[in-house]
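The values are calculated or read from the model by the stated rules, or taken from the named source; none is laboratory data. It should be emphasised that the depicted structure is a prediction, and the values quoted were computed from it without experimental measurement. Here the Cβ is made from the backbone with ideal geometry for all residues, glycine too, and neighbour counts use every protein chain on show. Accessible surface areas use protein heavy atoms only, side chains included; no ligands, DNA or RNA. Shrake-Rupley method; radii C 1.70, N 1.55, O 1.52, S 1.80 Å.
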Amino acid sequence: MKENYCLQAALVCLGVLCHSQAFSTEWRSHLRPSFHGHHEKGKEGQVLQRSKRGWVWNQFFVIEEYTGPDPVLVGRLHSDIDSGDGNIKYILSGEGAGTIFVIDDKSGNIHATKTLDREERAQYTLMAQAVDRDTNRPLEPPSEFIVKVQDINDNPPEFLHETYHANVPERSNVGTSVIQVTASDADDPTYGNSAKLVYSILEGQPYFSVEAQTGIIRTALPNMDREAKEEYHVVIQAKDMGGHMGGLSGTTRVTITLTDVNDNPPKFPQSVYQMSVSEAAVSGEEVGRVKAKDPDIGENGLVTYSVVDGDGMELFEITTDYETQEGVVKLRKPVDFETKRAYSLKIEAANVHIDPKFISNGPFKDTVTVKIAVEDADEPPMFLAPSYIHEVQENAAAGTVVGRVHAKDPDAANSPIRYSIDRHTDLDRFFTINPEDGFIKTTKPLDREETAWLNISVFAAEIHNRHQEAKVPVSIRVLDVNDNAPKFAAPYEGFICESDQTKPLSNQPIVTISADDKDDTANGPRFIFSLPPEIIHNPNFTVRDNRDNTAGVYARRGGFSRQKQDLYLLPIVISDGGIPPMSSTNTLTIKVCGCDVNGALLSCNAEAYILNAGLSTGALIAILACIVILLVIVVLFVTLRRQKKEPLIVFEEEDVRENIITYDDEGGGEEDTEAFDIATLQNPDGINGFIPRKDIKPEYQYMPRPGLRPAPNSVDVDDFINTRIQEADNDPTAPPYDSIQIYGYEGRGSVAGSLSSLESATTDSDLDYDYLQNWGPRFKKLADLYGSKDTFDDDS
């Protein structure tokens, strides 16, 4: 790198010298004719005169990154009219004038005072003009020129990214494109080789290569295996100057990952798996697991398992656990240690997705042998049959053997068995079982007509381990015995029309009867109907068996009369077809009825004929009319009694005081002041002496004893009334009977308030009158009155 910098400095110096010499020479060659005119002959001999330009130039060049001690001479401006006496002044304006570029106003030399960078700015546009130094009068028109910064190789190539990531399938062919990396160079691509880049690989050989001109990375080795190495780190270099010595370079790191393909079949790590299962295991229970290893990943590593051979294919199955990629061996059917103690399975593991490109690598599957040992377990007893059906005749004596159930212990120990009945299925305890041999017996006679089938459950348990038990259903059919006699199927009743002796008999039956038997059909029909032997020659009726379990009752004569006999009871014997046969005697009721000429029933009552013998129809109507009149009189009497007023005299048992006289008229109320002077009661505090009564004329004045008068402010009504009674009893001027007095004032401070009903009748009162019940029998009427009112209010 140090040598490169020395070389660059030498080139810069050489370029400056060469360009300065070229500019000076070119300037002088242009300036000579700048301000002199010349003659030029035309085509026809005419002489043309042309005024020459004072300076002619287009552009100047300056090397970038010049680091010398002196300013770089860019070029020189000179006018032909400049005689060297200093009267002409050169002026420079435009981009960078005065800061980057300066001009000597006398000589016209232009220098670059700063180091220029082409990558920052490639050219500058300037304006030059020659003016009179004293007057600043333009001597030449201004002219524009360009100063171009000439490029040097001072920028190394740079990649777009510091690092790249790429993927390529494993086992790809040689030359497979992986990724393209691109670098750029800030130098001028149009000048020299400063921006001409060449790519090369520094790290990653011999696995990958890169194209020098394009930067495309390709695989260089065949059959690269991801399972051997998955990730590679490649360093790519980009160098300018066409890759020659002295060029600048830049690098980038590329991480290349091999993606997986299904190029590996699954393999079991061992050839035989040993497993075991208990004979007590239930279907679906897991027995064990196997796993085939596949180094591929993703869907390329998915494996499915199956049972392809073995003597346990019907008893075992295998499923795939896709989360763990294991084969799960499960029990399909229960196994029996006593029947077979070992099984063998051949299990295959195969890839789910197979890549056709690598089918030549071999079959993508593998097999393994799984040996399963059956373990002995303490099993419950097993009945010889899944269910039992026994029969017993009804009415059999207690202790009759119904049948037997049998169970055994399937284990090698062959433990003894104990039997029992599930009492939840035999609530009435019809049966018992011998716990040792399993014989089932009856405990009481059975009735088929009540229950034809009985279902019970029997337990069989090992004697040494009661927890090991089995259960079997037992159905017991109760066989029929002819123990029920047939009876009428319905409560039959016959009707016969009364007629005279001369009328011929009808061939139609009076009634058709049938029978019903609770026994089974074998002990029931066919039924036989007949009359009892003692009345086999009944003169009135006969029974004809229809031989279809029905019979018809016929009349043997005519001339039946309700007056003689209106009801006949005919016994009929019904026998069944059982062995031995059962029979019963049933009574048929036959009524004699009145009929019309067509034989239709009119009436079967005999009362009408009985009444005709004693009373006529008119007599019956008269009797009924008398009964109705008597009922009407009774109703009127009761109604009048209810409307009659209550007696005005108070009975002795309701009298709460002695000799109370009841007047049957009303007074004037409070407005009537003739009979009584109520002023005293309205203001008892104003009483200073005795006030005579106005209803009678006193013979002499009587002064009441002061000690008997209650206090004016007393609130004890009972004492107040007792005092008044005592005064009335001791008053010689009073008549020898009590009189009703009106008290319009109850005294001051009364807790109960007014006792008057005048005001309470028109206003809503919320007072509680329950205390009146405690005032004794004298206030019973008042308590009942207000109590009734409260009760009415509550009811409403």
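Only one of (1) touching a residue at least 12 places away in the same chain (Cβ under 8 Å); (2) open to solvent by 20 Å² or more (accessible area, probe 1.4 Å) fails for Leu427. Which number is that? For Leu427, the exception is condition (1). Reported count of residues in the stretch 291-326, each being open to solvent by less than 40 Å² (accessible area, probe 1.4 Å), assigned to a loop (DSSP other than H, G, I, E, B) and hydrophobic (A, V, I, L, M, F, W, C), is 2.
Taken residue by residue, the stretch 356-368 has no member that is in contact with a helix residue (DSSP H, G or I) (Cβ under 6 Å, 6 or more places away or on another chain), within 30 Å of Asn262 (Cα to Cα) and in a loop (DSSP other than H, G, I, E, B). Phe495 - would you say it is in the same structural domain as Arg526 (by the TED database), touching a residue at least 24 places away in the same chain (Cβ under 8 Å) and in contact with a Leu (Cβ under 8 Å, 6 or more places away or on another chain)? Spelling it out, Phe495 is indeed in the same structural domain as Arg526 (by the TED database), touching a residue at least 24 places away in the same chain (Cβ under 8 Å) and in contact with a Leu (Cβ under 8 Å, 6 or more places away or on another chain).
Within the stretch 226-258, the set of residues being open to solvent by 50 Å² or more (accessible area, probe 1.4 Å) and either closer than 30 Å to Gly298 by Cβ or within 54 Å of the chain's Cα centre (by Cα) (or both) comprises Glu227, Ala228, Lys229, Glu230, Glu231, His233, Arg253. Of all the residues in the stretch 396-424, those that are in contact with a Gly (Cβ under 6 Å, 6 or more places away or on another chain), in contact (Cβ under 8 Å) with a residue 60 or more places away in the chain and farther than 17 Å from Arg477 by Cβ number 0. Within the stretch 57-93, the residues that satisfy the criterion of being open to solvent by less than 50 Å² (accessible area, probe 1.4 Å), closer than 12 Å to Asp105 by Cβ and hydrophobic (A, V, I, L, M, F, W, C) are Leu77, Ile88, Leu92.
Working carefully through the options Asn465, Asn414, Asn482, find the one that is open to solvent by 60 Å² or more (accessible area, probe 1.4 Å) and over 30 Å from Leu567 (Cα atoms). Don't jump to the end; show me each part of the working.
Working: Asn465 fails: open to solvent by 60 Å² or more (accessible area, probe 1.4 Å); Asn482 fails: open to solvent by 60 Å² or more (accessible area, probe 1.4 Å).
So the residue among Asn465, Asn414, Asn482 that is open to solvent by 60 Å² or more (accessible area, probe 1.4 Å) and over 30 Å from Leu567 (Cα atoms) is Asn414.
Picking from residues in the stretch 550-559 that are at pLDDT 85 or above and surrounded by 14 or more Cβ atoms within 10 Å (Cβ to Cβ), the one that is farthest from Ser514 (Cα to Cα) is Ala555.
Taking the condition in contact (Cβ under 8 Å) with a residue 24 or more places away in the chain, assigned to a strand (DSSP E or B) and outside the structural domain of Glu450 (by the TED database), does Thr589 pass? In short, yes.
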